[in-house]
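So the structure is just underneath, and the comments pick up after that.
The values are calculated or read from the model by the stated rules, or taken from the named source; none is laboratory data. Computed from a prediction, not measured in an experiment: that's the story for all the values here. Counting neighbours? That spans all protein chains shown, and the Cβs are built from the backbone with ideal geometry, glycine included.
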Amino acid sequence: MKAKKILIAILPLVVFAILVMVFKSSLNKDPRELETKLVGSPVPSFKLASVTNPEVILTNDDLPKEIFLLNVWGTWCVSCYAEHPYLMKFAKEVPIKWVGMNYKDAPKDAINYLNKYGDPFVYSISDVSGQMGIDLGVYGAPETFIVDANGMIRDRHVGVIDERVWNSVIIPKLKAIGWEQN
Amino acid sequence: MIPELGHFFLILALINAIVLGSLPFYGAHTQHSGLMRLASKASIGQFVLLLASYICLTLAFVQDDFSVAYVANHSNTLLPLRYKITAVWGSHEGSLLLWILILSGWMAAVAIFSKALTAVMRARVLATLGFLSIGFVSFALFTSNPFERVLPFIPIDGADLNPLLQDFGMIVHPPMLYMGFVGFAVVFAFAIAGLLQGDLDQKWAKWARPWTTVAWIFLTIGIALGSWWAYYELGWGGWWFWDPVENASFMPWIAGTALLHSLAATEKRGAYKSWTVLLAILTFSLSLLGTFLVRSGVLTSVHAFATDPERGLFILTFLGFAVGGALTLYAWQFDKLKSNNNYTLFSKEIAIVLNNILLFSSLLVVFLGTLYPLLADYLWEKKVSIGPPFFDPYFSFFFALILFLIPFGQQMNWKQDKLKPLLLKQFILLAVAVILTLALIALFADKILLWPVVAISLALWLILSCINYLVNQSSNAQSLFAGLKKISRSYWGMIVAHIGVAITVIGVIITSFYSIEKDIRIEPQQIVKVENLSIKFEKFDNFTFENYISSQATLKVSKNGRHLTTLKPEKRRYRVSGQLMTEAAIEPGFFGDLYISLAQPLDKGAWAIKVYYKPFVRWIWLGALIMALGGLLAVSDKRYRARRFKKVSPKKESIINES
């Protein structure tokens, strides 16, 4: 009886300690900087419609022949709404191309979204079925891949890119692979 | 100069907090009355210092001091003055300062309004709050200093405030929410002080209760405001997204609601002491957890601030100290918490246990859904995301059970009640509610669906049983009015809050199941029919404002040939950031909103527009306001007022302390 009472008394503390451990590990791991197996390999081949011009079919050949950023977004992704103003700003101020990948979305919603909040992308690939997302190993949105002139994936960032991430993470990574801001 | 002053005040506040968070504890331990008295003065001092610091940051915004990094990143010369003032809490650093300021505001309030407490209790409550203040002020100073300068290269102009935040709803939402979050610190401090004392008597619950209710009122309004803002500003007609940060504010609310109920049992009957204390700790812990989730970046969300693992580690360490310490103290004193178990199976005590079990279960649903991605990553290194398909059914299940329980629970007597007459009466009312629901749906809706019938029946039943209860209570009086006047404010509070719950449920369910959404193409001067409305595209204009350019369509809406309203949805281009915003035009109505937003321009001056009809959507927030009103009625109860007015003079205080 005594032991049972002690157990009840310390149970909340034990549960809390476990939670703190989980939080601690998730801090160290920072889910946004997850590596992808695809770093160093080419963008998986795709053949998908453009969001804004559904009659145009895009393939790997249409990717920019320079260092660019591939941003995975969706209208169902609440964080994308937070990220979008930053993308608009960077697209305007920084000479680097953004390619969008509209992940698991209804094309109608995607077009509305771009009309409403502005379109920072040279074009957006419409991945309605989510196949390209699976090939890329996307597990959420927003996610951004750094791709080089040869179409090779060089790095990946998971989560919202804001001013701080842009200056402290993305820009250094871009510079590391030889991109220059002229 | 002004930012340095602000920084200086913040440093002084830290020193003051260290004094407040330590000496009164020692004073209470050694019965040193001087050290104990110090607590009130230091609490009020903390508020003054932080207010001064906060005003300095506001001045930096008003004066466009772009040498301050925080100002440069979140303001602009073109920003209207009102938004310069509110931009202070537009991001992490400033909102943290507001958080701390509000905490000190609560401290000052406790110092001023709790003269009835024993000197020891008061010193410990304030010192606990002071200890929390140490953590948060040093968090601001060492990891998130809002006064940091960008020298020597001062930007000529600022980067502007995110247009989403340039809005009335956003001005009032964060302060309200923080008032609620931080307000639970008070009941947490009461729990710590009570545990240190060892014996939690019923007076303890009586003191803690009004503070909990006030914090709960603020949080209720804060959450409702956030939901309302999302509805009209994000422009896709949604009002709740189960976003991690929404959940982070919702969890303390659920826990706080459970706490309000169990505090009632502890105060009135001396029951469930240890559970109530644990809930008090839990509620504030969940507020802290919310802060951790939002500001550490372990979860991604629309609300997430700039992330920084260092900040996350700081909050986590502090969370560990505060909550870990509280729970250790709880485990240590567990033996001393003796509850009154003198009640039978059919009593209000049992109803409150069920209420707490169900609220706790729904809390667990939200908690697991929010944190499962973290847990899964930790245990199996799997990445998962969880959305409405998980939250909606499980949460609704527990909430439906809660709804089912309220009509019984609110009418039961303490200690012992008779089940049979209650059951019979309630089931008659339930039958009336079901018939009423079916009649209303058959009359006004085009389809009969299972869930709306269930939910609306339960909600109407709840309202009927509230009315029935009021009528019964006044049946012995000469007139209905005289009878109603006799019911105490706390009872009124309970009844009104429960009616609020029913109203919110009705709003949620009807909006979810009966909304209409249409995309149409419309040319200038053209008239388009949508359901029974005809919409005429009158004209299209451009206007220039301080910091944005607006393109506005004028649409005349009529119903059956009668002019109904003129709506002017617009697109705004913000000049500094170049951001495009869509401002939906809404014709609000008690029974439904007509909601039109511009989608995109098409050829020949035509536009694609979205037309929504959202029936009963306002009831969601109306219900929340009614719940808050219920809380207000409860705290305005005579017994709290009487105490406050009587015990202002220090002489009387000492008399009461001795008694």
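Kindly indicate whether B:Y83 is free of Cβ contacts under 8 Å to residues at least 60 places away in the same chain, surrounded by 19 or more Cβ atoms within 10 Å (Cβ to Cβ) and of a type in the set (S, T, Y). Even if it seems obvious, please write down each step before you answer.
Numbers: free of Cβ contacts under 8 Å to residues at least 60 places away in the same chain: no; surrounded by 19 or more Cβ atoms within 10 Å (Cβ to Cβ): yes; of a type in the set (S, T, Y): yes.
Judged against the criteria, B:Y83 is not a match.
Per this entry, B:W253 is counted among residues that are modelled with pLDDT of 85 or more and either buried (at least 21 other Cβ atoms within 10 Å of the Cβ) or assigned to a loop (DSSP other than H, G, I, E, B) (or both).
Residues checked against (1) crowded, with 20+ Cβ neighbours inside 10 Å; (2) part of a loop (DSSP other than H, G, I, E, B); (3) of a type in the set (D, E); (4) more than 17 Å from the chain's Cα centre (by Cα):
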site	(1), (2), (3), (4)
A:K65	no, yes, no, yes
A:E83	yes, no, yes, no
A:L87	yes, no, no, no
A:I111	yes, no, no, yes
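Filtering region A:158-178 to residues that are farther than 18 Å from A:Y81 by Cβ and either in a loop (DSSP other than H, G, I, E, B) or in contact with a Pro (Cβ under 9 Å, 6 or more places away or on another chain) (or both) leaves A:I177, A:G178.
Inspection of region B:485-492 finds a residue satisfying the criterion of being assigned to a loop (DSSP other than H, G, I, E, B) and under 24 Å from B:K268 (Cα atoms).
From the list B:L12, B:L35, B:L57, B:L5, the one residue that fits, being crowded, with 21+ Cβ neighbours inside 10 Å and assigned to a helix (DSSP H, G or I), is B:L57. The requirement of being crowded, with 17+ Cβ neighbours inside 10 Å, out of contact with any Gly (no Cβ under 7 Å at 6 or more places or on another chain) and away from every other protein chain (no Cβ under 13 Å) is not satisfied by B:A606. Residues of region B:555-582 that are in contact (Cβ under 8 Å) with a residue 24 or more places away in the chain, closer than 28 Å to B:N76 by Cα and assigned to a strand (DSSP E or B): B:E570, B:K571, B:R572, B:R573, B:Y574, B:M581, B:T582. Residue-level check: of (1) more than 13 Å from chain B (Cβ to nearest Cβ); (2) more than 26 Å from A:K47 (Cβ to Cβ); (3) surrounded by fewer than 18 Cβ atoms within 10 Å (Cβ to Cβ), A:E93 misses just (1).
Please work out if A:F121 is within 13 Å of A:N71 (Cβ to Cβ), in a loop (DSSP other than H, G, I, E, B) and away from chain B (no Cβ under 13 Å). When the stated conditions are applied, A:F121 passes them.
What are the residues in region A:146-182 that are of a type in the set (K, R) and within 14 Å of another protein chain (Cβ to nearest Cβ), if any?
Taking region A:146-182 and keeping what is of a type in the set (K, R), we get A:154, A:156, A:164, A:173, A:175.
Matches in region A:146-182: A:R156, A:R164.
What about B:F321, is it modelled with pLDDT of 85 or more, more than 9 Å from chain A (Cβ to nearest Cβ), closer than 30 Å to A:V158 by Cβ and surrounded by fewer than 23 Cβ atoms within 10 Å (Cβ to Cβ)? Judged against the criteria, B:F321 is not a match.
Taken over region B:161-194, the residue count meeting the criterion of being surrounded by fewer than 24 Cβ atoms within 10 Å (Cβ to Cβ), within 14 Å of another protein chain (Cβ to nearest Cβ) and outside any loop (DSSP other than H, G, I, E, B) is 4. Only one of A:P142, A:P107 is touching a residue at least 40 places away in the same chain (Cβ under 8 Å) and within 10 Å of chain B (Cβ to nearest Cβ); which? One residue alone meets the criteria, A:P142. Return yes when B:D541 is more than 14 Å from every other protein chain (Cβ to nearest Cβ) and free of Cβ contacts under 8 Å to residues at least 12 places away in the same chain and no when it is not. Against the criterion (more than 14 Å from every other protein chain (Cβ to nearest Cβ) and free of Cβ contacts under 8 Å to residues at least 12 places away in the same chain), B:D541 does not qualify.
Conditions tested, residue by residue: (1) touching a helix residue (DSSP H, G or I) at 6+ places or on another chain (Cβ under 9 Å); (2) within 20 Å of B:F25 (Cβ to Cβ); (3) hydroxyl-bearing (S, T, Y).
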{"position": "B:H173", "(1), (2), (3)": "yes, no, no"}
{"position": "B:L195", "(1), (2), (3)": "yes, yes, no"}
{"position": "B:D199", "(1), (2), (3)": "yes, yes, no"}
{"position": "B:Q202", "(1), (2), (3)": "yes, no, no"}
{"position": "B:A208", "(1), (2), (3)": "yes, yes, no"}
{"position": "B:T212", "(1), (2), (3)": "yes, no, yes"}
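Would you check if there is a residue in region B:376-398 being surrounded by fewer than 15 Cβ atoms within 10 Å (Cβ to Cβ), more than 12 Å from chain A (Cβ to nearest Cβ) and assigned to a loop (DSSP other than H, G, I, E, B)? Scanning region B:376-398, I find no residue that is surrounded by fewer than 15 Cβ atoms within 10 Å (Cβ to Cβ), more than 12 Å from chain A (Cβ to nearest Cβ) and assigned to a loop (DSSP other than H, G, I, E, B), so the answer is no.
Considering region A:119-150, and only residues there that are at pLDDT 85 or above and surrounded by fewer than 16 Cβ atoms within 10 Å (Cβ to Cβ), the residue that is nearest to B:D243 (Cα to Cα) turns out to be A:V122. Do we have B:L598 as touching a helix residue (DSSP H, G or I) at 6+ places or on another chain (Cβ under 9 Å), surrounded by fewer than 21 Cβ atoms within 10 Å (Cβ to Cβ) and not in a loop (DSSP other than H, G, I, E, B) here? Taking the combined requirement at face value, the residue does not satisfy it.
Looking for something more than 30 Å from B:M412 (Cβ to Cβ), modelled with pLDDT of 80 or more and of a type in the set (S, T, Y) - is there at least one such residue anywhere in region B:524-534? So far as region B:524-534 goes, yes, one or more of its residues are more than 30 Å from B:M412 (Cβ to Cβ), modelled with pLDDT of 80 or more and of a type in the set (S, T, Y). In region A:1-12, the residues that are within 7 Å of chain B (Cβ to nearest Cβ) never reach a residue that is exposed (fewer than 10 other Cβ atoms within 10 Å of the Cβ) and among the aliphatic types (A, V, I, L, M) with C-beta atoms less than 7 angstrom apart, at least six apart or across chains.
Looking only at region B:510-534, which residues are over 16 Å from B:G605 (Cα atoms) and either assigned to a strand (DSSP E or B) or aromatic (F, W, Y) (or both)? Full working, then the answer.
Step one: list which residues in region B:510-534 are over 16 Å from B:G605 (Cα atoms), which gives B:510-519, B:529-534.
Correct list: B:F513, B:Y514, B:I516, B:E517, B:K518, B:D519, B:K529, B:V530, B:L533, B:S534.
Within region B:15-32, the set of residues being in a helix (DSSP H, G or I) and either over 24 Å from B:F139 (Cβ atoms) or aromatic (F, W, Y) (or both) comprises B:F25, B:Y26, B:G27, B:A28, B:H29, B:T30. Please work out which one of (1) of a type in the set (V, I, T); (2) at pLDDT below 90; (3) more than 30 Å from B:V245 (Cα to Cα) is the condition B:V434 fails and give its number. Unmet for B:V434, out of (1) of a type in the set (V, I, T); (2) at pLDDT below 90; (3) more than 30 Å from B:V245 (Cα to Cα): (2).
B:F591 - would you say it is more than 14 Å from chain A (Cβ to nearest Cβ), closer than 25 Å to B:I221 by Cα, of a type in the set (F, W, Y) and exposed (fewer than 15 other Cβ atoms within 10 Å of the Cβ)?
It is true that B:F591 is more than 14 Å from chain A (Cβ to nearest Cβ), closer than 25 Å to B:I221 by Cα, of a type in the set (F, W, Y) and exposed (fewer than 15 other Cβ atoms within 10 Å of the Cβ).
Being under 31 Å from the mean Cα position of the chain (by Cα) and modelled with pLDDT under 85 is the filter here; which residues of region B:578-596 pass it? Talk me through it step by step, then tell me what you get.
Pass one, region B:578-596, residues under 31 Å from the mean Cα position of the chain (by Cα): B:579-596.
If the condition is that a residue be under 31 Å from the mean Cα position of the chain (by Cα) and modelled with pLDDT under 85, then B:Q579, B:L580, B:M581, B:T582, B:E583, B:A584 are the ones that fit.
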